[in-house]
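K.L.:
Below you'll find the structure I mean.
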Amino acid sequence: MSPLQRIKSPDLLVAESGADLEGHGLKRTMGLFQLVCFGVGAIVGTGIFVGLSDSVAEAGPAVVISFVLAAITCIFTAFSFAELGGAIPVSGSSYSFAYATLGERVAFLVGWCLLLEYGVSVSAVAVGWGQYLNELLHSLVGWQLPAALSNPPGDGGVVNIPAVVVIALAALLLVRGIRESARATAVMAVIKIGVLLLFCAIAFTAFRSDNLSPFAEHGMAGVTAGASLAFFSYIGFDAITTAGEEVKNPRKNIPIAIMICIGVVTLLYCLVAVAAIGAMSADDVASKPAALSLIVNQVTDSTLGGGIIAFGAVVAIASVVLAVMYGQTRILMSMSRDGLVPRVFERVSPKTSTPVANTWIVAGVFAVPAAVVPLDVVMNLTTIGTLAVMAVVNIAVIALRRRNPDLPRSFRVPFFPVLPVAGVLFCLYLIYGTGWLTWLQFGAFLILGALVYTLYGRRNSRLGKAADIAPEVTARPEA
């Protein structure tokens, strides 16, 4: 059977995820509030606390438009994720959606790209943790870690030790159990939203409208480049769909949680961007990676306020590492069940109901780039990989409507198929803004993924082996 013909029916995906076969089952323990907190925990982190300066450098005060443009791209795709997540509530997220609609080869490449979105973004998020940890230490005890051991390479650093530490701590919490992880994520999500609202309240007291002029000094090209960078700030909302097997009433709660998260985060980001530039000029914000803490210090004329913001950033970035590592392990678990990656990734501990070996492997692999790779390189690759996955998800929702029109759906994309098509176009537009060097890097990454699939995935596919044993049984569902 051709890899493009190996299409796994949604019913089979759901049945496999719900069956506790060979100790591979997960427990449904997350409610709607925990799921929303998990989504916010996966989104709000390095992108706004550290990456804001990069977006402002490209777009100037018009960075607000960049955030809105990135949000629109997410909203279009969020509708598709909501429909697919409600119809196919499994832990594989985009990978499983592609498997059910576009075939095994495309699904594997989507899973390969998710290594960028979930795995590599863990590295990118962890890289920024050391900078705010130093801000917090300075405000508390007047001491900082040496730049060589706490900054990313290219920014005065040699080996980023805090990045490795935060990944190890997240892995330790994840292997203890999803209930403990969900509670920790909920607490951290509430803390960081509160800290960002506190930042806005303080920064708006020093607001100067002159700082917003000229508004779009770099033109539409700057807004587009800023949107491509700002998009990194939204990465993670689709991690909600990776919790499909551990959520109570997933067909209802997953779509609701996605919409709430996107709405809350977009409003929060726009407020933070306006407050930051209003209190400190765009040029100053662009030149300071830990700009939020510095703004509060400047406005309050003390280090106490900045210390509170730094504490919020330390918590925020840690929660993103936790949530995104969770998503990566669940993607690998789904791929392992299908035979496309080694079986070690699907093994679940009977004691904690978590994939222990999977989690530690992910932590070990992605601690290395977190320690030694410059932040901007990791961010660009993560962004383009995520945008490519989102484009596929928008195509998948169209394909599933055609292939399985009668499949129960708790949510349907409005104005179908206009919004999914618009989602694809917006993703391509932001991919264009990442630049030709990132395109080349991503192209090489895809070629490597295709090679891995040919040499390992295709040969070990359980769906392919089943078709060889019983060729009369098709994997295609009835249209």
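K.L.:
Cβ-Cβ distance below 6 Å, separation of 6 or more or different chains: which pairs start in region 212-240 with a residue that is part of a loop (DSSP other than H, G, I, E, B) and end on one that is at pLDDT below 85?
P.N.:
Partner pairs satisfying both residue conditions: Ile235/Ser121; Gly236/Ala42; Gly236/Ile43; Gly236/Val324.
K.L.:
Next up: For region 337-353, name all the residues that are within 24 Å of the chain's Cα centre (by Cα), closer than 21 Å to Val247 by Cα and not β-branched (Val, Ile, Thr).
P.N.:
Arg337, Phe345, Glu346, Arg347, Ser353
K.L.:
From the list Arg183, Arg176, which residue is out of contact with any helix residue (DSSP H, G or I) (no Cβ under 9 Å at 6 or more places or on another chain) and among the basic types (Lys, Arg)?
P.N.:
From the options Arg183, Arg176, the qualifying one is Arg176.
K.L.:
From the set of residues in region 326-341 that are in a helix (DSSP H, G or I) and touching a Ser or Thr at 6+ places or on another chain (Cβ under 7 Å), which is surrounded by the fewest Cβ atoms within 10 Å (Cβ to Cβ)?
P.N.:
So the residue we want is Met333.
K.L.:
Identify the residue in region 241-265 that is assigned to a helix (DSSP H, G or I) and of a type in the set (S, T, N, Q) and, among all such residues, is modelled with the highest pLDDT.
P.N.:
Asn253
K.L.:
Which of the residues that make up region 307-317 are buried (at least 20 other Cβ atoms within 10 Å of the Cβ), in contact with a Ser or Thr (Cβ under 6 Å, 6 or more places away or on another chain) and farther than 22 Å from Cys270 by Cβ?
P.N.:
Scanning region 307-317 gives a single hit, Ala310.
K.L.:
Within region 253-266, identify whether any single residue is out of contact with any Gly (no Cβ under 8 Å at 6 or more places or on another chain) and buried (at least 21 other Cβ atoms within 10 Å of the Cβ), and answer yes or no. Give the derivation first.
P.N.:
Pass one, region 253-266, residues out of contact with any Gly (no Cβ under 8 Å at 6 or more places or on another chain): 256, 259, 262-266.
After this cut, where a residue has to be buried (at least 21 other Cβ atoms within 10 Å of the Cβ) as well, the list is 262, 265.
Scanning region 253-266 turns up at least one residue that is out of contact with any Gly (no Cβ under 8 Å at 6 or more places or on another chain) and buried (at least 21 other Cβ atoms within 10 Å of the Cβ).
K.L.:
Identify, please: which residue in region 195-224 is among the small types (Gly, Ala, Ser) and closer than 26 Å to Asn297 by Cα and is, among those, surrounded by the fewest Cβ atoms within 10 Å (Cβ to Cβ)?
P.N.:
Ser209
K.L.:
For Val372, only one of the following conditions fails: (1) surrounded by fewer than 20 Cβ atoms within 10 Å (Cβ to Cβ); (2) modelled with pLDDT of 85 or more. What is its number?
P.N.:
Of the numbered conditions (1) surrounded by fewer than 20 Cβ atoms within 10 Å (Cβ to Cβ); (2) modelled with pLDDT of 85 or more, the odd one out for Val372 is (2).
The values are calculated or read from the model by the stated rules, or taken from the named source; none is laboratory data. Here the structure is a predicted model, which means the values were calculated and not measured. So basically every Cβ, Gly included, is an ideal-geometry build from the backbone, and we count neighbours across all protein chains shown.
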